[in-house]
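Q: Provided herewith is a single structure, encoded as C-alpha cells, for subsequent inquiry.
The values are calculated or read from the model by the stated rules, or taken from the named source; none is laboratory data. Computed from a prediction, not measured in an experiment: that's the story for all the values here. A quick note on method: Cβ atoms are made from the backbone with ideal geometry, for glycine too, and the neighbour counts reach across all protein chains shown.
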Amino acid sequence: MAILDKFSGLAARYEQLKASGGDPFSIQFDDIISSVEGVVKGKRTLLFGTNNYLGLTFDPISMERSIDAIRKHGTGTTGSRIANGSYREHEKLERELADFYGHEHCMVFSTGYQANLAMISTLVGKDDHLIIDADSHASIYDASRLGHAPVVRFRHNNPEDLAKRLARLKDQPGEKLIVVEGIYSMLGDTAPLKEFVDVKREFGAYLMVDEAHSMGVLGQRGRGLAEREGVEEDVDFVVGTFSKSLASVGGFCVSSVEGFDILRLAARPYMFTASLPPAIIASTLSALETLRNEPQRRAKLRANSRRFYNGLKDAGFTVGPEANPIVAVILNDPAVATMFWKRLVDEGMYLNLALPPATPNSSAFLRSSVSAAHTEEHIDFAIALMTRVGREFGILPEAPEYSNV
Ligand code: PMP
C-alpha cells in the first residue's frame, strides 16, 4: 500500500467530494439510446456532457460501414504501422483529411491525445523552443514533458504576452513552435487567432492549432477556427481528433510543411502503439463525408448553441465568454457545483462537473456541450431545469410571480 501513499491527499479530496453530494467519476450509463439520450440509474437522461457536436454516434450509414469493415478486415490491426504495415484504409483516411484541409500531408494517430503527444514532442527538440497557452489541454502539457524542448507558457489568449515572450527568445537559436487551441475545451472560448498569426509572422515562429473542439463546428466548411478567421495559410500544423464531431476515436495532424512524413519514423506515440482498427477508420471516413456534405448540421449546432447559451445567460447564470457548443455555467464553489451537478443528473440531465485543479483559474463550473442532434425541446428542458435548480440553490433570484418557468 505504501507505493500509493503519495495519493493520500488526492484520496482524501475524493472522499470529501463524494460526501458533498455525489461521485461524478463513477457515472455509469445503463444504456445509450441515441446521440443525446441515455439511461442513468434506470432514468431516461438527456446527454449534455458529450462532445458529440454533429450527433453522429448513431449515424446509420457510419454504423453499417463500421460493421462491414469488421466483416471484411477483422476487429483490430494488432500492431503498429511501422511494425505490422498499414492497411489501405489508413492511407485513405489520411488522404481524405489532407484533402479536406487542403494540405499536402496527414498522419493519423490512435487518439487525439497521442496526436498532440507525437507532434509536439517531436517537432521541437532540445535546441528549439515550445511556446504554449497557459490553459492548454493536458495532452499539450504532457507532450511538453515528453519532448526535450524548453517550454514557455504565455497568458491564456493573450497575444501581447506571447509577443513579449517571443521577443525574449529572439536571439536564441532554434525553431519556435507556438501551440494554441481553436475552441478551449473547458470554457468554450476561442483563440484570437488573427492576432496570434501576426505575432507568429513577426517572430518567424511556427504555429500549431489544435482544432479538437472546432472541427465540424466553426468555419464555412467546418475546418475550424482558422477557417473562420481566414488564416489557414498561416497555420503550419492542424491537429484534431476523431472523438468529437467525427464520433469515433483517433487523431490526426495535417500540414504542408515539406518533409512531414519523416515524422512517421521519429514520433514515438505514432510508432510504438497499435494503429486504428478497421471499424474505426470506416466510421470516421463516413462521418467526415457527412461533415463535408451536410453543412446544415453545423447550422443547427450553431442555432442550438445560441439558444442554450442565451437561455442560461438570460436566466441569470454566469456563463463562459462565447456562445459556442461548449457552454460553461460558473458556480465557483466546488461543493455547490457538485450538489448542483448531482441534482441535474437525478432529474435527467447529464453534463460534466468541472473542478479544480482541472479548471482555469481554479474555478468550479458545470460544463455542457450542445449537439446538432438536440431538439429545441431538449434545450428548453435543460434551461428550465437548470433555472429551477439555480433558484432552489439560491444562485438565481426567485422567479417573478408571473413566471411560468
Ligand atoms: N485536444 C483537446 C483540446 C482536447 O480537448 C482533447 C480531448 N478532450 C484532446 C486533444 C484529446 O483528444 P482525444 O480525447 O480524442 O484523445
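Q: Is there any pair with a first residue in region 237-259 that is in the same structural domain as P269 (by TED's automatic domain parsing) and closer than 13 Å to T111 by Cβ and a second that is surrounded by fewer than 24 Cβ atoms within 10 Å (Cβ to Cβ) and at pLDDT below 95 whose Cβ atoms are under 9 Å apart and which are 6 or more apart or on different chains, and what are they?
A: K244/T50
Q: Now for a different question. Going through region 294-315 one residue at a time, which ones are over 12 Å from I379 (Cα atoms) and either charged (D, E, K, R) or touching a residue at least 24 places away in the same chain (Cβ under 8 Å) (or both)?
A: So in region 294-315, the residues over 12 Å from I379 (Cα atoms) come out as 294-300, 302, 313-315.
Of everything in region 294-315, those that are over 12 Å from I379 (Cα atoms) and either charged (D, E, K, R) or touching a residue at least 24 places away in the same chain (Cβ under 8 Å) (or both) turn out to be E294, P295, R297, R298, K300, R302, K313, D314, A315.
Q: Which of the following residues is closer than 26 Å to G55 by Cα, without any contact (Cβ under 8 Å) to a residue 40 or more places away in the chain, in the same structural domain as S110 (by TED's automatic domain parsing) and surrounded by fewer than 21 Cβ atoms within 10 Å (Cβ to Cβ): R201, R221, R168, R228?
A: Only one candidate qualifies: R228.
Q: Among the residues that make up region 37-47, is at least one of them β-branched (V, I, T) and within 16 Å of the ligand (Cβ to nearest atom)? Show your work before the answer.
A: Kept after step one, since they are β-branched (V, I, T), are these residues of region 37-47: 39-40, 45.
Among the residues that remain, those that are also within 16 Å of the ligand (Cβ to nearest atom) are: none.
Looking through region 37-47, none of the residues is β-branched (V, I, T) and within 16 Å of the ligand (Cβ to nearest atom).
Q: Do we find that F237 is within 16 Å of the ligand (Cβ to nearest atom), closer than 18 Å to A115 by Cα, among the hydrophobic types (A, V, I, L, M, F, W, C) and in contact with a strand residue (DSSP E or B) (Cβ under 6 Å, 6 or more places away or on another chain) in this structure?
A: Numbers: within 16 Å of the ligand (Cβ to nearest atom): yes; closer than 18 Å to A115 by Cα: yes; among the hydrophobic types (A, V, I, L, M, F, W, C): yes; in contact with a strand residue (DSSP E or B) (Cβ under 6 Å, 6 or more places away or on another chain): yes.
Spelling it out, F237 is indeed within 16 Å of the ligand (Cβ to nearest atom), closer than 18 Å to A115 by Cα, among the hydrophobic types (A, V, I, L, M, F, W, C) and in contact with a strand residue (DSSP E or B) (Cβ under 6 Å, 6 or more places away or on another chain).
Q: In region 112-129, which residue that is away from the ligand (no atom under 12 Å from the Cβ) and more than 17 Å from I262 (Cα to Cα) is farthest from the chain's Cα centre (by Cα)?
A: D127
Q: Is it fair to say G74 is at positive phi, within 26 Å of the chain's Cα centre (by Cα) and in contact (Cβ under 8 Å) with a residue 24 or more places away in the chain?
A: no
Q: Which of the residues that make up region 92-105 are buried (at least 22 other Cβ atoms within 10 Å of the Cβ) and either within 16 Å of the ligand (Cβ to nearest atom) or farther than 18 Å from L291 by Cα (or both)?
A: Passing the criteria: L93, L97.
Q: Of these, L117, L93, which one is touching a residue at least 40 places away in the same chain (Cβ under 8 Å), in contact with a Lys or Arg (Cβ under 9 Å, 6 or more places away or on another chain) and not polar (S, T, N, Q)?
A: Numbers: L93 fails: in contact with a Lys or Arg (Cβ under 9 Å, 6 or more places away or on another chain).
Every option except L117 fails the conditions.
Q: Then there's this: Select from region 209-225 the residues that are on the phi < 0 side of the Ramachandran plot and within 14 Å of the ligand (Cβ to nearest atom) and list them in ascending order. First the steps, then the outcome.
A: We begin by selecting, within region 209-225, every residue on the phi < 0 side of the Ramachandran plot; these are 209-215, 217-218, 220-221, 223, 225.
Matches in region 209-225: V209, D210, E211, A212, H213, S214, M215, V217, L218, L225.
Q: Considering only residues of region 130-150 that are surrounded by fewer than 16 Cβ atoms within 10 Å (Cβ to Cβ) and not in a helix (DSSP H, G or I), which is farthest from the ligand (Cβ to nearest atom)?
A: H148
Q: Okay, next question. Would you pick out the residues in region 240-259 that are surrounded by fewer than 23 Cβ atoms within 10 Å (Cβ to Cβ) and either away from the ligand (no atom under 11 Å from the Cβ) or at pLDDT below 95 (or both)?
A: Hits for region 240-259 are S256, V257, E258, G259.
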